[in-house]
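In what follows, a structure is listed as structure tokens, so that the remarks can point back to it.
The values are calculated or read from the model by the stated rules, or taken from the named source; none is laboratory data. None of the values given here were measured: they were computed from a predicted structure. Here the Cβ is made from the backbone with ideal geometry for all residues, glycine too, and neighbour counts use every protein chain on show. Accessible surface is based on the protein model in full, side chains and every heavy atom, while ligands, DNA and RNA are left aside. Shrake-Rupley method; radii C 1.70, N 1.55, O 1.52, S 1.80 Å.
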Amino acid sequence: MKFYDLLATSFRNLFRQKARTVLTVISMMIGAFLIAIMMSVGNGLKQFMVSQVTLFANTSTIAVQANVDFAQAFGMSLGGGVAEFEEESPQVQDPAGEGQNDSVNGVPDFLSEAFLDQEDLEKLQEIDGVSEAAFETYVTPDYIRLAEDESPKLLISMYGVPSGIRDRVKFSSVDRALLERDDAIVLSDSYAEAWNMDREDLVGETVLVRMTQTGDTGVSGMGMGMTGNIPSDAGEQEGPGEPLRQEFELVVAGLFEKSIFSQISFITPQQSDILRAFVSGQELSEFSEEEQAFEIIVVAEDDDQVDAVDRRIEDLGYQSSTFDEAVGQIGVVFDILGVALSGFGAIAMLVASIGIANTLLMAIYERTREIGVMKAVGATRSTIGLLFTMEAAWLGIIGGTVGLLFTKLFGDAVNFILHEGISIGSATLLEGFLADYPTFDVSVFSIGIVLLVLGVTAGVAIVAGLYPAWRASRLDPVVALSR
Amino acid sequence: MIVIKEAERTYHLGDEDIHALDGLSLEIKKGEFIALVGPSGSGKSTLMNVIGALDSLDSGSISVDGQDLSKLSDSGKAMYRRKKVGFVFQTFNLQARLTALENVELPLMLDGIPRKKRRDLALEALSKVHLSDRVRHVPSELSGGQQQRVAIARAIVNRPEILLADEPTGNLDSKSGEQIMKLLKSLNEQEQVTIVMVTHNEDHAAFAHRVLHMLDGNISHTRNGRKKEVYG
């Protein structure tokens with residue numbers, strides 16, 4: 001029997017007991033819907049997280065860190081248990097194994113190992129294919145305000161980043177010429193809202209950030225952008241009285257689309273140095289010379305060279321991670337999450353598969369005589385078995401398709417409602433939770449979901465159909481015909 | 001040529017053993033028209049099923065044109081039924097949802113014959129049974145005699161050498177029954193189809209060359225069929 005005829009005949013058999021077929025398809029549909037909706041929400045969250053990462057990195061950048069095993073440095077060895085005490089062993093752990101014990105300014109020794117300094121920066125800048133490299137630093141002002149406005153706003157941090165990052169932020173409004181200036185700042189467009197301005201009007205405005213001199217060099221804890229300057233005259237004490245404060249002028253060069261990080265901003269490394277030098281109370285030249293940071297951002301000349309540059313950096317003994325690597329890690333997390341959430345769908349599908357098996361066993365009972373006739377006119381066992389297996393596959397595929405359609409409709413509806421809210425006339429019943437995030441969809445449908453769900457539904461249905469198909473194929477034609 | 005030797009077939013019904021075939025030997029020549037008569041349970045249907053490779057022997061042998069049927073695999077038997085044999089049943093056994101044409105196409109479809117060709121062959125078979133004007137009708141729209149003619153068309157569409165008819169006129173009125181018998185006779189005479197037919201109707205048995213009386217799984221006696229008047 002030709003494959004097409006098998007397909008057509010098994011499809012036609014679905015219509016013999018329409019109500020039963022519909023019920024079986026519905027049960028399959030529920031499983032498919034649950035799986036697909038969980039995966040599309042996982043997709044949506046993944047895209048959202050990736051878009052957050054893209055604030056700090058893009059396909060031309062590489063984040064470089066010193067090659068230090070922090071876990072070991074902090075005395076954490078995974079699965080290592082407790083070590084035996086030995087009389088000869090040194091009291092202080094020295095993970096770097098270089099015998100140095102010159103902890104400076106209260107900074108533990110292994111932490112200074114983790115710092116990258118000017119020498120590292122220069123080494124990285126000289127690598128073939130690198131267009132620029134800069135320490136990743138951040139500094140927190142007391143406030144940010146418009147020059148001719150007295151309403152200061154909080155700004156959690158200003159990241160000093162190379163132009164390779166600043167220039168490729170997802171702008172909602174930008175003046176590329178201003179972006180070139182050393183005193184440029186890129187803010188979230190939520191500041192336009194906060195100051196009641198149009199985005200375009202805020203770009204080009206002068207803003208003031210107030211810094212307070214604390215003598216703090218910035219080494220305060222672990223974390224992204226942690227930066228350290230170790231003053232030569234450690235232990236400098238602040239005098240009594242008011243700390244020194246100063247407002248610095250910056251020009252708004254662009255606004256990036258609002259994200260979960262709406263209170264961060266990007267400035268140039270030069271500007272970051274000026275601000276941090278003031279905070280530490282040091283001269284700029286002295287500060288810059290001794291600057292250290294946990295991370296250096298390297299920008300490749302073009303995106304195609306990123307992998308090659310990444311290898312060269314690692315060859316020099318650094319830890320580095322490209323955008324694709326960072327995003328890949330996020331992707332894995334959300335893929336796992338999506339699969340885990342799909343467990344509900346898997347349970348629904350298991351139930352549906354029992355329904356399919358039941359449906360087909362009933363069908364065999366009803367069609368016993370017909371199966372006998374089919375055998376009498378020349379059907380082989382495998383033909384009969386295939387007809388039932390394919391009927392199962394149809395049930396799965398139809399259930400999967402309908403489930404996917406519902407997922408698409410439901411996902412679009414949820415996205416719409418979350419963006420637009422629900423209102424009847426002028427009465428708002430539900431605020432659009434995501435009104436501020438126009439590019440973020442909770443449910444993101446993809447061809448991958450379609451293929452996976454159809455594959456799973458067809459696969460589950462076929463497995464469910466195997467036993468009925470085997471039963472049908474083994475029917476004795478003489479017995480079947482006598483029924 | 002069908003050769004059956006010492007055929008034994010026993011069914012177990014509860015504690016009872018039923019000897020459906022009990023040492024039966026038989027030769028049927030190509031082109032012969034055989035009628036099987038006898039009380040129910042005498043083994044007529046079992047003999048038919050064995051010839052059609054739907055059932056197999058416990059012991060003894062059956063060969064068709066030198067091919068030992070017991071040596072055929074499942075797909076070999078299916079192929080044999082598709083190419084060499086056609087079945088006609090008392091209750092027609094048409095598929096209720098399919099049109100006359102689609103019913104006749106079924107064996108061709110199982111044989112993997114392309115759509116166009118199987119349509120042509122099915123139409124040809126339907127014209128042989130004088131149903132060219134009823135090809136789009138489903139069985140429920142056809143009379144019993146017409147349904148049996150569709151079933152015969154289905155049985156002969158593959159041009160089988162052997163036609164196995166199990167009480168083909170049993171569910172028909174006498175006029176329709178007569179038409180079916182004439183149809184079988186012409187297939188036998190014009191296309192040299194070997195026919196083995198079970199019947200309870202003496203008049204219909206008279207269409208055969210040989211009438212085999214079966215009793216308790218064996219042939220009790222044989223007589224010549226073909227009364228002169230049938231051919232008159």
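Once the C-beta distance of A:S382 and A:L316 is scaled by a Förster radius of 56 Å, the resulting FRET efficiency is 0.35 to the nearest 0.05. B:H137 contributes about 60 Å² of solvent-accessible surface, heavy atoms of the protein only, 1.4 Å probe.
Shown here for segment A:238-311: GluC sites (Glu not before Pro) in loop regions (DSSP other than H, G, I, E, B) with at most 14 other Cβ atoms within 10 Å, namely A:E238, A:E283. The modelled label-to-label distance between B:S70 and A:V479, using points 7 Å beyond Cα along the C-beta direction, is 2.2 nm. Once both labels are positioned 7 Å from their Cα atoms along Cα-to-Cβ, the gap between A:K2 and A:A340 label points is 5.1 nm. Within the straight-line cut-off of under 22 Å between alpha carbons, the lysines reachable from A:K153 are A:K258, sequence neighbours fewer than 8 places apart in one chain being disregarded.
Tell me which GluC sites (Glu not before Pro) from segment B:127-232 have a DSSP coil assignment and no more than 15 other beta carbons within 10 Å of their own. Don't jump to the answer; show the numbers that get you there.
Details: sites: B:E141, B:E161, B:E178, B:E189, B:E191, B:E202, B:E229; in loops: B:E161, B:E191.
Of the GluC sites (Glu not before Pro), the ones in loops of segment B:127-232 whose Cβ has at most 15 other Cβ atoms within 10 Å are B:E191.
Rounded to the nearest 5, what % of DSSP beta bridges with both residues in the protein assembly as shown are antiparallel? Before the final figure, lay out each step's value.
Details: 66 of 92 bridges.
In the protein assembly as shown, approximately 70 percent of DSSP beta bridges are antiparallel ones.
Compared with its chain on its own, segment A:370-391 contains the following residues whose accessible area drops by 50 Å² or more in the full protein assembly (probe 1.4 Å; ligands, DNA and RNA excluded): A:V373, A:A376, A:V377, A:G378, A:T380.
Each pair of Cα atoms in the protein assembly as shown enters the Kirkwood radius, and Stokes-Einstein at 25 °C and 0.890 mPa s then converts it into a translational diffusion coefficient of 73 µm²/s.
What length, rounded to one decimal in nm, is gained on full extension from A:L361 through to A:D201, with 0.36 nm per residue of separation minus their alpha-carbon distance? Don't skip to the end; give the middle numbers.
Numbers: separation 160, 0.36 × 160 = 57.60 nm, distance 7.12 nm.
Contour length minus Cα-Cα distance gives 50.5 nm.
Rounded to the nearest 10 degrees, what's the angle between the helix B:74-83 long axis and the longest principal axis of chain B, both from Cα atoms, 0 to 90? That helix lies at roughly 60 degrees to the long axis. The helix-only estimate of mean residue ellipticity at 222 nm for chain B, built from DSSP H runs of length n ≥ 4 each weighted as -39500 (n - 2.57), is -10500 deg cm²/dmol after division by the residue total.
Measuring r between the beta carbons of A:K123 and A:E325 and using R0 = 22 Å, the FRET efficiency lands at 0.55. Rounded to the nearest 10 square angstrom, B:K185 shows an accessible area of 40 square angstrom against a 1.4 Å probe.
Give the shape of segment A:344-436 as rounded, prolate or oblate, defined through the alpha-carbon gyration tensor: a ≥ b ≥ c are the square roots of its eigenvalues, a/c under 1.5 means rounded, and otherwise the shape is prolate if a/b is larger than b/c and oblate if not. Provide the component values of the computation, followed by the final result.
Values: a/c = 4.40, a/b = 4.15, b/c = 1.06.
Note, shape of segment A:344-436 comes out prolate.
State to the nearest 20 debye the size of the charge dipole of the protein assembly as shown about its Cα centre, where the only charges are +1 on K and R beta carbons and -1 on D and E beta carbons.
Working: 60 positive and 100 negative charges, 2195 e Å.
The dipole magnitude comes to about 10540 debye.
Against the main long axis of the alpha-carbon atoms of chain B, helix B:100-110 sits at an angle near 60°. For segment B:95-159, taking the reciprocal of the average inverse distance between every pair of different Cα atoms yields a Kirkwood hydrodynamic radius of 11.2 Å.
For chain B, the extents of the C-alpha atoms along the principal axes are 47, 44, 35 Å, listed from largest to smallest. For the chain pair B and A, the interface hides roughly 2100 square angstrom of accessible area in total, found with a 1.4 Å probe.
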